[in-house]
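The values are calculated or read from the model by the stated rules, or taken from the named source; none is laboratory data. As the structure is a prediction and not an experimental result, all values here were calculated from the model. So basically every Cβ, Gly included, is an ideal-geometry build from the backbone, and we count neighbours across all protein chains shown.
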Amino acid sequence: MTTARVDYRSPRSPAAFAATGTDDRTDASVFRRRQRRRSRLTALAFLAPLVLYLAAFYVYPLYRNLDLSLRDYTVRSFVSGDAPFSGLDNFRTVLHDLTFGPAMRHTMIFTFVSIVFQYVAGLALAGFFNRHFRLAGTLRALFLIPWLLPLIVSASTWSWMLNSESGVINYALHLVGVSPVDWLDSPGWALTSVIIANIWIGIPFNLVILHSGLQNIPGELYEAAALDGASAWQQFRRITFPLLRPVSAITLLLGLVYTLKVFDLIWIMTKGGPGDASSTLATWSYQLGFGTLLPKFGPGAAVGNILILIALVFGLLYIRVQKRQEP
């Protein structure tokens, strides 16, 4: 019987590297370097589409917006691209404009009130649906409808509902003996109207995120707390809210960034009016750049950059808070 011999010194055999001298060990290191290089090239090949996407749709628009805010653009120079450099003049113009104060104040009120009510309502609904009762999944899916609808549909629906003459809300108020309200045409109610509509649109997002966070909290903690005689409020304050803090932080941050840039809802419902009663930085930026026959591209881009800077500041604050909370 002939026994086949295995050549352990074959260059393809791992045992060969142990049986040979320094040259083979050098070949092994070269082979490993080549493998690492191939892995890096493969990773870069998969990463390249994402980098190109970010460069084309995020980096370049941000660069162009910054360039617009630092130059004195007119319609002619916008087409030809030869606008003179003006430095920070556009930012000075914006900051000294009489519209800046009301727009900034309305932006802060709109953002803060919307986020607070969206979070509170979303958390209450998340706790309600976390009980796993019958038809909970169906009802939770129905609550997602405002989030899934195109924003133009939601804004148009609220405009119709809040119409001072034929809106269903004023009709309901009439049935209970309350005088009709000029929701969209009154300076005192216009901002409140768009805030109500925005809260309704944002509640489903908070519901989904917070509900997923509640499901990750172990049920044994509540059982142990109940055995110790803890009330429902004590369980929420001592268990639910602390363990839900990371999810709450990212929910509030995403809500903040989204609400700061809300434009289409306000524009469809009130166009920032009447006057500037419901104008925000987002609607004012659009009005400067595209809302007149003689657009002011530079100041409009400057307002947009101020919005980006505000969102960036809150994002950095969130990162800092998260690092402090890490063990």
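Among the residues of segment 124-133, the ones that are free of Cβ contacts under 8 Å to residues at least 40 places away in the same chain and closer than 18 Å to Ala249 by Cα come to 1 in all. The residue that is surrounded by the most Cβ atoms within 10 Å (Cβ to Cβ), among those in segment 273-303 that are part of a loop (DSSP other than H, G, I, E, B) and among the aliphatic types (A, V, I, L, M), is Ala277. Taking first residues from segment 134-158 that are more than 24 Å from Val262 (Cα to Cα) and free of Cβ contacts under 8 Å to residues at least 12 places away in the same chain and partners that are surrounded by 11 or more Cβ atoms within 10 Å (Cβ to Cβ) and of a type outside the set (Asp, Glu), the Cβ contacts under 7 Å between residues at least 6 apart in sequence or on separate chains come to Ala136/Phe129. Selection within segment 124-153: residues that are hydrophobic (A, V, I, L, M, F, W, C) and in contact with a His (Cβ under 9 Å, 6 or more places away or on another chain). The member of this set that is surrounded by the most Cβ atoms within 10 Å (Cβ to Cβ) is Ala126. Candidates Leu309, Leu317: the one that is closer than 29 Å to Arg245 by Cα, modelled with pLDDT of 90 or more, within 19 Å of the chain's Cα centre (by Cα) and surrounded by fewer than 19 Cβ atoms within 10 Å (Cβ to Cβ) is Leu309. Taken together, the criteria place Leu135 among residues that are of a type in the set (A, V, I, L, M), under 30 Å from Leu244 (Cα atoms) and at pLDDT below 90. The criterion of being among the aliphatic types (A, V, I, L, M), in contact (Cβ under 8 Å) with a residue 40 or more places away in the chain and either in a helix (DSSP H, G or I) or within 20 Å of Leu256 (Cβ to Cβ) (or both) holds for Ala121.
Residue by residue, here is whether (1) under 19 Å from Val113 (Cβ atoms); (2) surrounded by 15 or more Cβ atoms within 10 Å (Cβ to Cβ); (3) in contact (Cβ under 8 Å) with a residue 12 or more places away in the chain holds:
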residue	(1), (2), (3)
Leu162	yes, yes, yes
Ile209	no, yes, yes
Ser212	no, no, yes
Gln215	no, no, yes
Ser231	no, no, no
Leu244	no, yes, yes
Ser248	yes, yes, yes
Lys271	no, yes, yes
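Inside segment 177-209, residues that are outside any helix (DSSP H, G or I) and within 30 Å of Ala136 (Cβ to Cβ) make up a count of 0.
Please determine whether any residue of segment 248-262 is under 19 Å from Gly101 (Cβ atoms), among the hydroxyl-bearing types (Ser, Thr, Tyr) and at pLDDT 90 or above. Within segment 248-262 (the criterion being under 19 Å from Gly101 (Cβ atoms), among the hydroxyl-bearing types (Ser, Thr, Tyr) and at pLDDT 90 or above), the answer is no, since none of the residues qualifies.
Report yes if some residue within segment 121-137 is within 31 Å of the chain's Cα centre (by Cα) and within 29 Å of Gly273 (Cβ to Cβ); otherwise report no. There is at least one residue in segment 121-137 that is within 31 Å of the chain's Cα centre (by Cα) and within 29 Å of Gly273 (Cβ to Cβ). Going residue by residue through segment 85-93, is there one that turns out to be outside any helix (DSSP H, G or I), over 30 Å from Pro274 (Cα atoms) and out of contact with any helix residue (DSSP H, G or I) (no Cβ under 9 Å at 6 or more places or on another chain)? Yes; the residues of segment 85-93 include at least one that is outside any helix (DSSP H, G or I), over 30 Å from Pro274 (Cα atoms) and out of contact with any helix residue (DSSP H, G or I) (no Cβ under 9 Å at 6 or more places or on another chain).
Take segment 54-83 and flag every residue that is part of a helix (DSSP H, G or I), of a type in the set (Lys, Arg) and more than 27 Å from the chain's Cα centre (by Cα). Arg76, the sole residue that qualifies. Assess whether Leu88 counts as being aliphatic (A, V, I, L, M) and within 30 Å of Val194 (Cβ to Cβ). It is false that Leu88 is aliphatic (A, V, I, L, M) and within 30 Å of Val194 (Cβ to Cβ). Within segment 57-93, restricting attention to residues that are at pLDDT 85 or above and aromatic (Phe, Trp, Tyr), the residue that is nearest to Ile306 (Cα to Cα) is Phe91.
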